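**Q** Attaching a single structure in structure tokens format; questions to follow.
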Amino acid sequence: MNLWWINHYAVGPAHVGGTRHYSLGRELVDRGHDVTIVAASFNHFSRASVPLEHGESCRVEVIDGVRFLWVRSPPYGASGAKRLWNMLRFARDARRLGGGPTLPEPDVILGSSPHPFAALAAARLARQRRVPFVLEVRDLWPRTLVDIGGMPALHPLVLWLARIERHLYRAAARIVSVLPGAAEHIAMQGGDSGKVVWVPNGIDLSLVPEASEPAQESGFKVMYAGSHGPANQLDTVLDVARVIEREGAPAGCSFVLVGDGPEKERLRRRAAAEGLDSVRFEPPCAKRDLYTLLASADVFVATLRSSSLYRSGMSLNKLFDYLALGKPTVFGAEVESNPIAESGAGIVVAPENTEAMVRALRKLAALDPAERVEMGRKGRAFVERHHDCARLAKRLSSVLEDAASRS
């Protein structure tokens, strides 16, 4: 089977960002499929571009058997208007693949929705090529703009995106979602819940070292790695750092925040203004380098805003990275299908609750290191059983083959 997979933000292991599509694509190649991932040349996470020659509209690169087609896309910074133009430009150019490099003719086209315009381009491309369209739902647009971004529900952009969302649900032969409860939301928007298959985010264990022993550095290192955006509620982590600095327990506690995002500069300024000496910010790094950095932590932390958006569940890449490293995690969230709670590999507290997170960190710091290792091993075993990309690719392959057979 020949698959075209349209995902604006897909990257390989040498780039900054989520590698779900590369890892699943590599597993699909091993299962005998031909995989082309169509992605933007401008990296949303590192703000760097895949180098294209002058006049080149796109470029093919094969990474571990997975064919990436990098489509030239304009850069942007903090400007929302420029980012929107980047999305629309990518979607427009992705629909014109017939005029680019010669690619194996697709049997199925899969469109991913970190934003809906790329998925809409995939749906239209599938119609042009007369092949099945499979939709991958990653974020619930436009609910994310309303619940997290604070945009009015009747804003013209929200209404436009809602119309696209309903069209995509109806147009898809099958729907893959990383969210365990997405079927109910999709049905409420007029989609067929019987089309929906849960294929969560996972971990490429070939990139991850075995669970390590406790960090040998002095002190107690708490680490966060991921996006610094409004949904991540990292102000809670700074609040926790302030309390622990003031009270001095646990002794030698430090916080390392790795990554980038629209909130990072504001968070950095806040930490400096409040004299939070225990907090250090690190730049994002490629997935293949990230695990070495994560291995130096004693405990991981993740937070989410308190929002009805998470009634459909969540599938945070960072949580599976944490679990695979075999270290405990403190997770401030209230969500369905919570891997930290299900695995027993950490402590779950209420979202945006500074006091509860402080208590959880103190509890973990007071444990014997061997007890933290045992807790971490539960997390490693959990992702090996339920979130190994090899297992998830098998499930995805069945969905794609079923869609192709119905064409």
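**Q** Can you spot a residue in the stretch 10-32 that is of a type in the set (Val, Ile, Thr), touching a residue at least 40 places away in the same chain (Cβ under 8 Å) and either not assigned by TED's automatic domain parsing to the domain that holds residue 134 or not in a loop (DSSP other than H, G, I, E, B) (or both)?
**A** No, there is no match, as no residue in the stretch 10-32 is of a type in the set (Val, Ile, Thr), touching a residue at least 40 places away in the same chain (Cβ under 8 Å) and either not assigned by TED's automatic domain parsing to the domain that holds residue 134 or not in a loop (DSSP other than H, G, I, E, B) (or both).
**Q** Is it the case that some residue within the stretch 378-397 is among the β-branched types (Val, Ile, Thr), in contact with a Lys or Arg (Cβ under 6 Å, 6 or more places away or on another chain) and closer than 30 Å to residue 176 by Cα?
**A** no
**Q** Let me ask something else. Here is a check on your reading of the model: is residue 280 within 11 Å of residue 222 (Cα to Cα), modelled with pLDDT of 95 or more and surrounded by fewer than 19 Cβ atoms within 10 Å (Cβ to Cβ)?
**A** So residue 280 passes the test.
**Q** What strands (runs of 3 or more DSSP E), lying completely within the stretch 146-225, carry at least 2 residues that are at pLDDT 90 or above, of a type in the set (A, V, I, L, M) and buried (at least 21 other Cβ atoms within 10 Å of the Cβ)?
**A** 174-177, 220-225
**Q** Restricting the stretch 226-241 to residues that are over 16 Å from residue 262 (Cα atoms) and among the aliphatic types (A, V, I, L, M), which is surrounded by the fewest Cβ atoms within 10 Å (Cβ to Cβ)?
**A** Once the filter is applied, the top-ranked residue is 238.
**Q** Determine which member of the set 103, 120, 97 is modelled with pLDDT of 95 or more and either under 21 Å from the mean Cα position of the chain (by Cα) or under 18 Å from residue 4 (Cβ atoms) (or both).
**A** When all the criteria are applied, what remains is 120.
**Q** Oh, and also: Out of 252, 261, I need the residue that is in the same structural domain as residue 309 (by TED's automatic domain parsing), without any contact (Cβ under 8 Å) to a residue 40 or more places away in the chain and surrounded by fewer than 18 Cβ atoms within 10 Å (Cβ to Cβ). Which one?
**A** 252
The rows are residues; the columns are (1) out of contact with any His (no Cβ under 9 Å at 6 or more places or on another chain); (2) within 15 Å of residue 172 (Cβ to Cβ); (3) among the aromatic types (Phe, Trp, Tyr).
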position	(1), (2), (3)
97	yes, no, no
103	yes, no, no
109	yes, yes, no
114	no, no, no
118	no, yes, no
122	yes, yes, no
128	yes, no, no
131	yes, yes, no
134	yes, yes, no
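**Q** Taking only the stretch 81-117 into account, find how many residues are small (Gly, Ala, Ser) and within 17 Å of residue 166 (Cβ to Cβ).
**A** Number of matching residues: 2.
**Q** Please state which one of 390, 333, 345, 295 is closer than 30 Å to residue 153 by Cα and either surrounded by 22 or more Cβ atoms within 10 Å (Cβ to Cβ) or small (Gly, Ala, Ser) (or both).
**A** When all the criteria are applied, what remains is 333.
**Q** Consider residue 132 against the criteria (1) over 21 Å from residue 61 (Cα atoms); (2) crowded, with 17+ Cβ neighbours inside 10 Å; (3) under 21 Å from the mean Cα position of the chain (by Cα): it satisfies all of them except one. Which criterion is unmet?
**A** Going through (1) over 21 Å from residue 61 (Cα atoms); (2) crowded, with 17+ Cβ neighbours inside 10 Å; (3) under 21 Å from the mean Cα position of the chain (by Cα) one by one, residue 132 breaks only (3).
**Q** Out of all the residues in the stretch 33-72, which are in contact (Cβ under 8 Å) with a residue 40 or more places away in the chain, in contact with a His (Cβ under 9 Å, 6 or more places away or on another chain) and small (Gly, Ala, Ser)?
**A** Hits for the stretch 33-72 are 40, 46.
Rundown of residues vs (1) among the aromatic types (Phe, Trp, Tyr); (2) out of contact with any helix residue (DSSP H, G or I) (no Cβ under 8 Å at 6 or more places or on another chain); (3) under 20 Å from residue 19 (Cβ atoms); (4) assigned by TED's automatic domain parsing to the domain that holds residue 162, yes/no style:
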position	(1), (2), (3), (4)
45	yes, yes, yes, yes
56	no, yes, no, yes
106	no, no, no, yes
112	no, no, yes, yes
123	no, no, no, yes
136	no, no, yes, yes
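The values are calculated or read from the model by the stated rules, or taken from the named source; none is laboratory data. These numbers come from a predicted model, not from an experiment. Cβ coordinates were reconstructed from backbone atoms using ideal geometry, including for glycine residues, and neighbour counts include every protein chain displayed.
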